[in-house]
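Worksheet for the structure shown next.
Every number here is computed from the coordinates shown, using simple stated rules; none is lab data. Because the structure is predicted, anything quoted here is derived from the model rather than measured. Reconstructed Cβ throughout: ideal geometry from the backbone, glycine too, with neighbour counts over all protein chains shown.
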Amino acid sequence: MDLERRLRDLKDRMTYIRDIFGTREDDSIRLLEARLGEALEREARTPGSVSAEELARLDDLFSFSERKLDTMLTPMDRVRIVRHPQRICLKDILENVYDNYTEIGGRGEFNIDPSMCIARAYFSRRVGEKVVRQMIMVIGHEKGHGEAYRNGGSAKPWGNAKALHYMKVAETENIPVHTFIFTPGAYPVEDWPGAAQQIARNLYEMAALRVPVISVCSEGGSGGAEAIGLADRRIMLSHGYYSVISPEGAAAIEGGLRGGERATPELIARCATRLRITADDNLQNGYVDRVLREPPLGARPHHYEFFRELRRELIQATNEAVSEVKSMKLFRAMAVRASRTDEAESIFMRWNLSPSALNRLVELRQRKYRAMSRHARLDGTGLFSRAAAGARGTVDAVHSYLRYDLLGRQKKRLDAMFEELGAEAHLVRHKLLMPLKRSMDKVLVSGPEGRRGVDPHEELTRLSCPEDGACLSGSQWAWISPRSQEDRTVSCPNVRTHHCPDLWVPDLLGDFAGVCPNCGHHFPMEYRWYLENVFNYRESREFNRDLESINPLNYEQFDLKLDKAKEATGLKSACLTFETTIESVEAVVAVLCAPFRGGSVGAAEGEKFIRAAERAGRKRQPFIAYVHGTAGIRIQEGVNGVIQMPRCTIAVRRYIDAGGLYLVLYDTNSYAGPVASFLGCSPYQFAVRSSNIGFAGPGVIAETTGLPVPPNYHRADHALSRGHIHGIWDRREAKKNLHQALLTMGGRNLYYR
Amino acid sequence: MLNIKELLDEVKASPYREIVVAAPHTGVVEFAGLKPGDQVHGRRGEFKEKPGTLLAHLTRERNRKPITAPEKGEVESVRTELEGQFVEAGEPLATIRHFLTRKEVIERILQEALFLFRAPERAKYYFVPEVDQKLKVSGKRSVKVSEGMELMIVSRMKRETPLAYSGPEGIIHSVYFGRGDNVDEGAPLIGVCPEDQLTVIQDVVARIQSEWEEA
C-alpha cells in the first residue's frame, strides 16, 4: 500500500515537472521519465515487483534532478510555478504557519469576494513558563488550488475594500498585519468602489496605517499586489514574481496585438525575462527586503520545512519592524538585528506599540519608500544647482514655519478673537439701536426720491460695459492649437444622437476651445492649451526640469523609443512640474503629458511628482495634478515603475495630512496605475468633459472578465455616476472652476487661509 | 373596416421594404465598390456599437464621412454614375431591399388591426379587480373596453393611482405585461381590436408564425 502511494507521489512529481517546463526538453527530465515509466510498467505487469530500495533510489534521483533543474529555471518557468494549482496558497499557510486561525467574512464560496481572504490568527510563543498568544490580522489573496470561484486570486474592488476594512480593524486593535500577495492582478471592473479607486484608497490608508505591516509576495501582479503590498517589511518567496504587468500583457503590448490575437510563447518568455520580475531582481533593486528560499521547483503544500522557515521569517520580520521603533527594547533590539531567522523564535517582543512608537513606525515606512528607485532615473541637475535647490527648500520650510506657523498662528488667534468681539459688538448695537431707528423711520417717512442710483429700467436694459461695444473682437484664449490653422471640417462623434452640424476646424479649435457648440462634446486638446490658458505657464517657474526618464532595465529598443519621445516633445519625462499663480493664488502644478510615451509614469515622473508635492507642502501652497492623459505605469521600467504607486501615494498622503489642498483634474484618457494610486486617492478629483477614466481599457476588461464592455464605459459621466470623480468641468471654464476650488476646498494649512 | 386578408396579400406581394440611402449633405461621393445583389447589414453588436456595411464615403470640406447601411438587406441599385461627383443633399445614392422578418410582418399587421394602449409611465400595472376577475374566469377575449372606462391601477413608488382606458371601443386581444412586471414608458399594455375581427387576426398571426420565411 505504502509503495503504491510512493509511486503515485513520484508520478505527481513528474507531472509537476512537465507542467513547469512545458515543452522544453532536457536530459534530466528524459532520464526521470524513462526511469519512472519503467518502474510503473513493471509494477503494472506484476504488482509488487518494485522493491522499496528501488523506490528509494528513484526518490533520490528525483530530488537530485529537481535540485539540478531548479538552477535552470527561466523567469517564465517561475511564472508557471506560481500559477500552478499545486503551489502553496494562503489556506496552507494559515494551516501550517500560524498556530490557530479563524477566517473572517467568508466561508468558501459564500464570501463577498472569495479571492480575498481575511483571518485572525495567532502565534503561540513560550516566554519562560508562560505561553503567550500573539495576535495577527492576516490578509491575503486566496487562489484555492485552482478553485474556479476564487478567480485565480484576482481580487474584485469590494474584496480590496474588505481588506482595507480589516486593516483598519487591526489598527483599532493595535495588532500587526501580515499580508500575502498571490494575485495575477486586480479584477478590472468599474462598479463601486471601482478597481482603480479602491486600490488607491488602500494605498492611501496603508501609507499611514498605524500598525506594523509585513507583506509576503508570491505572485505580485501590479495594481492587485499594491492594494495590500505597502508594508514595513517585504518578504518575497524565491520562486515568485513581482511585476508591473503579466508577461502575456507585456507581450500583447510589445507585439501590438489587438482583439483576440495571441502572442507567441517565445515573445511572452522574452518579455518575462526583460521585465526583471524574479525575486532576486527585486531584491537587487531594493523593492523587497528579503528573499525566502523555497524548496527546489517551488513550495508545495507538503513542504512542511518551508512553512517552518516562513514562520521564523514572519516572526523575525515583525520583530524587526517593531524593535526599530519600540522605546523599551534594550538587548532584544540588538539580538533581533544580529539574529538570523532560525533564532527568531527565541526572541519575544510585544507587538502592540505605543502611540509615539506608531508615529515613528509610519515615519520610517514613509522614509523607506521615499528612498527607493533612485537608480532608475537620471538627475541631470548640476551639483551646484542641487545644493542651491536644497538650501532654498530649507529656507522655504523655515520661512513657512515662521510666517504661517509661529507668527501666523498667533495672528490667526488674534484675528479670531477680534472677529468674535466684533460680532458681539454688532449684536449689542443692533439690539440697542434698532428700536430707535424704527421709531425714527416712523416719524420721518422718506419719499421715493430718497433712493439714489440709476434708473431701474436703464439698469436692466443697458450693456454692462457700453464703452466696449457689443461685439468682442479676437479670440479670448492666450494660446490656440496650431491644428486650428487647417482649413477643413470635422464631424462631432455625437452626430448620430445629437445631430450636431459639421464643425470648421479653425472655429472649433480656436474660439470654441475644442468644444462642440451643439452637444458640448470636448475634442482632445493639447496640454499647451491648459498650460497657457489655465495655468498661466508663461509666468510660472518650472523646477526639476532636468530629471530625466531612462531605461533602467535596458529593455530592448526602448532607448530608441525614449529618445524619439524626448525629441518630439522637447520634454525629458512625461511629468512637468512648476509653480504658478492662478488668479493671484500661488500653487504648485504637476502635469502628466500624454504625448510623452502616453503619459506613462516611470521612476523620473514619480520622483518629480513627489518633489512637487513636497515643495507644495513646504510652501503651504495648493497642489494641483493636471492629468492630460496617462496610459498607466511605464511597463518598460518594470517594478521601478510600479513602485511609484506607493511612493507617490505616500507623498500625497503626507501632503494632505499636513493640511494642504490636493486637486486632480483628468483630461482625455487616464487609466491604470496612476489612477489606482496617487491620482485616485485625492479627495477632489474633477474631469474635463468627454474624458475617460478607468482602470483597464475595454479590450483588457473583455479579455480578462469575458464580459462585454458597453461603449463609453469609461466616460467621465459614468465615472461621476459611479462616484469615482467628484465633478465634471467644461474646458472653457476650467480656470474659473479651479480658482473657485482653490478658494473653497482643502485643508487648514494653506498660506492664504 | 379593415381587410386583413388584403393587407396580408399586400405584404406577400412585396415582402420587403425599400430603403433609399440618400446623401445627408452635399459632398463628393466615393462608392465602396458594392454591386447590386450584394448583402449588407445594419448596426451590430450587443450595444449596436459596430457600424453597418460601408456603402460610400462623402467628402465635404475635406471631412471624409462614411455612409453605412442602416439595415440588413440586399443592394438593389447603386448610382455608380455619381462616383467622384459632387452631389446635393438628399440625392439618392443607393437602394437597399430589406426583407421583412416575421416579427416585422406581425407587428405591421397588428399595428394596422389593433389599437395598442400604451403605458404612460414606467410602473407596475394591474387590472382593476372586476376586470381582473373577468379575465381570470372567462379569458381575455371576454373583456370589452370603452373610452373612459377605469381599467387599470398604476403602482409606483408606494402609491397607486387608477388609469382610465382611452381609445376606440373593442375587446382585449392581447395583454403584453405580466403580473408584477415593471413596464417601461410607452410600451404597449394591451392590444384592442373590434369585436368582429378577432378570429381573423388570430388566424393571420398564427399563419405568419408558421409560414413566413425569413430571408
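Given +1 at the Cβ of Lys and Arg, -1 at the Cβ of Asp and Glu and no other charges, the dipole of region B:104-211 around its Cα centre is 500 debye to the nearest 20. Relative contact order for region A:83-370: 16 percent, from Cα pairs under 8 Å spaced at least 6 residues apart, divided by residue count. The residue list A:Ser439, A:Phe123, A:Leu297 was ranked by how far each Cα lies along the charge dipole of chain A toward its positive end, using unit charges on Cβ atoms, and A:Ser439 comes out on top. Looking at region B:40-98, the trypsin sites (Lys or Arg not before Pro) that sit in a DSSP loop and have at most 12 other Cβ atoms within 10 Å of their own Cβ are B:Lys48, B:Arg62. Evaluated with a Cβ-only charge set (Lys, Arg +1; Asp, Glu -1), region A:163-216 carries a dipole of roughly 140 debye about its Cα centre, given to the nearest 20. Using the Cβ of B:Ser146 as centre and a radius below 15 Å, the other residues enclosed give a net charge of -3, where K and R count +1 and D and E count -1. Among rounded, prolate and oblate, which fits region B:65-215 when a ≥ b ≥ c are the square roots of the eigenvalues of its C-alpha gyration tensor, a/c under 1.5 means rounded, and a/b larger than b/c means prolate? Verdict is prolate for region B:65-215.
Mind jotting down the distance between the C-alpha centroids of region A:404-422 and region A:655-719, whole Å? So the two Cα centres are separated by 41 Å.
How much net charge surrounds A:Asn544 when only the other residues with a Cβ under 13 Å from the Cβ of A:Asn544 are counted, with Lys and Arg +1 and Asp and Glu -1? Net charge around A:Asn544: +1. Which entries in A:Lys130/A:Lys326; A:Lys368/A:Lys608; A:Lys564/A:Lys608; A:Lys91/A:Lys130; A:Lys411/A:Lys736 show an alpha-carbon gap greater than 19 Å? Those over the limit are A:Lys130/A:Lys326; A:Lys564/A:Lys608; A:Lys91/A:Lys130; A:Lys411/A:Lys736. In percent, rounded to a whole number, the relative contact order of chain A is 11, using alpha-carbon pairs under 8 Å and six or more apart.
Estimated from helical segments only, the mean residue ellipticity of chain A at 222 nm is -13500 deg cm²/dmol, where each DSSP H run of four or more residues counts as -39500 (n - 2.57). Rounded to the nearest 10 degrees, the angle from helix A:2-21 to the longest Cα principal axis of chain A is 40 degrees.
Along the axis of the charge dipole computed for the protein assembly as shown (Cβ charges of +1 for Lys and Arg, -1 for Asp and Glu, origin at the Cα centre), the listed residues A:Pro75, A:Val627, A:Ser346 are led at the positive end by A:Ser346.
Out of A:Gly697, A:Val534, A:Gly520, whose Cα points farthest toward the positive end of the dipole of the protein assembly as shown (charges: +1 Lys, Arg; -1 Asp, Glu; placed on Cβ)? So the residue we want is A:Val534. Using Cβ point charges alone (K and R +1, D and E -1), the dipole size of chain A about the Cα centre works out to roughly 2420 debye. Distance between the C-alpha centres of region B:62-140 and region A:66-126: 57 Å, rounded to the whole angstrom.
What the pair-distance distribution of chain A shows, using all Cα-Cα distances binned every 20 Å from zero, is 14, 41, 29, 11, 3, 1, 0 percent.
Pairing the Cα long axis of helix A:558-569 with the longest principal axis of chain A, what angle in degrees results, from 0 to 90 and rounded to the nearest 10? Between helix and principal axis, roughly 0 degrees.
May I ask for the angle, rounded to the nearest 10°, between helix B:129-138 and the longest principal axis of chain B, with both axes built from Cα atoms and the value confined to 0 to 90°? Result, in degrees: 80. Of the GluC sites (Glu not before Pro) found in region B:169-215, the ones in coil according to DSSP and having at most 11 other Cβ atoms within 10 Å of their Cβ are B:Glu185, B:Glu213, B:Glu214.
Charged neighbours of A:Ala603, selected by a Cβ distance under 11 Å, balance to 0 (K, R count +1; D, E count -1).
Shown here for region A:689-749: trypsin sites (Lys or Arg not before Pro) in loop regions (DSSP other than H, G, I, E, B) with at most 11 other Cβ atoms within 10 Å, namely A:Arg748. Here r is the Cβ-Cβ distance between B:Tyr16 and B:Phe47 and R0 is 22 Å; the resulting FRET efficiency, rounded to 0.05, is 0.20.
Only Cα pairs under 8 Å and 6+ residues apart enter the sum, and on that basis the relative contact order of region B:55-191 stands at 22 percent.
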